[in-house]
1. Could you check segment A:1-42 and list, in sequence order, the residues that are basic (Lys, Arg) and either in a loop (DSSP other than H, G, I, E, B) or at pLDDT below 95 (or both)?
2. Would it be correct to say that A:GLY72 is at positive phi and either of a type in the set (Val, Ile, Thr) or within 13 Å of another protein chain (Cβ to nearest Cβ) (or both)?
3. For segment A:90-105, how many residues are modelled with pLDDT of 95 or more and not in a strand (DSSP E or B)?
4. If A:SER87 passes every condition in (1) over 13 Å from the mean Cα position of the chain (by Cα); (2) among the small types (Gly, Ala, Ser); (3) at pLDDT below 95 but one, which one does it miss?
5. Check whether at least one residue in segment A:94-104 is of a type in the set (Asp, Glu) and touching a His at 6+ places or on another chain (Cβ under 9 Å), and report yes or no.
6. Which ranges mark the strands (runs of 3 or more DSSP E) fully within segment B:1-108 that have 2 or more residues being buried (at least 17 other Cβ atoms within 10 Å of the Cβ), within 14 Å of another protein chain (Cβ to nearest Cβ) and out of contact with any helix residue (DSSP H, G or I) (no Cβ under 7 Å at 6 or more places or on another chain)?
7. May I ask you to say which residue of A:ASP24, A:ASP100, A:ASP57 is surrounded by 13 or more Cβ atoms within 10 Å (Cβ to Cβ), touching a Phe, Trp or Tyr at 6+ places or on another chain (Cβ under 9 Å) and under 27 Å from B:SER39 (Cα atoms)?
8. Specify which of the listed residues (A:ARG69, A:ARG36, A:ARG81) is farther than 30 Å from B:ALA87 by Cβ and surrounded by 18 or more Cβ atoms within 10 Å (Cβ to Cβ).
Amino acid sequence: GAGVSQTPSNKVTEKGKYVELRCDPISGHTALYWYRQSLGQGPEFLIYFQGTGAADDSGLPNDRFFAVRPEGSVSTLKIQRTERGDSAMYLCASSSSGLDPEQYFGPGTRLTVT
Amino acid sequence: AQSVTQPDIHITVSEGASLELRCNYSYGATPYLFWYVQSPGQGLQLLLKYFSGDTLVQGIKGFEAEFKRSQSSFNLRKPSVHWSDAAEYFCAVAYPGTYKYIFGTGTRLKVLA
């Protein structure tokens with residue numbers, strides 16, 4: 001079946017602009033996660049959704065970052081007033097539930113802020 | 001805070017040689033353990049995972065890993081490396097009752113022909 005998909009695969013934006021990154025989880029998966037991977041680092045947790053609600057947003061670096069999942073399926077990560085330090089690979093993952101330890105990762109969106 | 005350590009940032013091996021990549025997690029309850037591989041500019045591919053049971057786990061592409069509770073380790077091994085194995089390898093853990101994956105900083109593998 002279809003895996004986790006993310007769009008766009010690459011996004012180049014200018015400093016100060018607003019961007020949206022989209023994640024389509026595996027159908028039926030209720031849990032969805034966003035991670036950020038900076039160059040030369042491992043992925044770091046940003047936010048976890050169980051259904052429509054953000055159960056844990058403790059990894060969001062500041063209030064310029066926001067994510068939604070209005071219908072409990074597709075999620076959008078929104079970054080306002082982008083900064084060069086936001087340049088990274090943004091990875092989305094889903095699992096069948098928050099209790100399932102296995103997460104399935106998407107291919108990522110490479111964000112470059114110039 | 002819980003953490004994952006991959007002590008080797010870079011490893012270079014000759015094609016056909018054996019490989020061992022180290023991973024240690026911080027002391028505490030036994031977590032769920034994972035190894036991922038990532039080619040440049042690509043997403044993460046799961047190589048293998050350990051949840052419970054037999055401490056020697058077989059994965060894809062000829063990889064295996066051994067969980068050693070006494071050493072808080074989950075080292076990845078391959079008996080004979082192929083040039084196509086050149087990539088970055090990440091160890092990750094998730095503690096029961098939580099959902100966040102904690103990743104190591106990765107080990108970049110270079111394979112010499």
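1. A:LYS15, A:LYS17, listed by residue number.
2. The answer is no for A:GLY72.
3. Matching residues across segment A:90-105 total 0.
4. That leaves (3) as the condition not met.
5. yes
6. Correct list: B:32-38, B:45-50, B:87-94.
7. It is A:ASP100.
8. Selected residue: A:ARG69, the only one of A:ARG69, A:ARG36, A:ARG81 that is farther than 30 Å from B:ALA87 by Cβ and surrounded by 18 or more Cβ atoms within 10 Å (Cβ to Cβ).
The values are calculated or read from the model by the stated rules, or taken from the named source; none is laboratory data. A quick note: this is a predicted structure, and the numbers were derived from the prediction, not measured. Backbone-built Cβ (ideal geometry, glycine too); neighbour counts: all protein chains shown.
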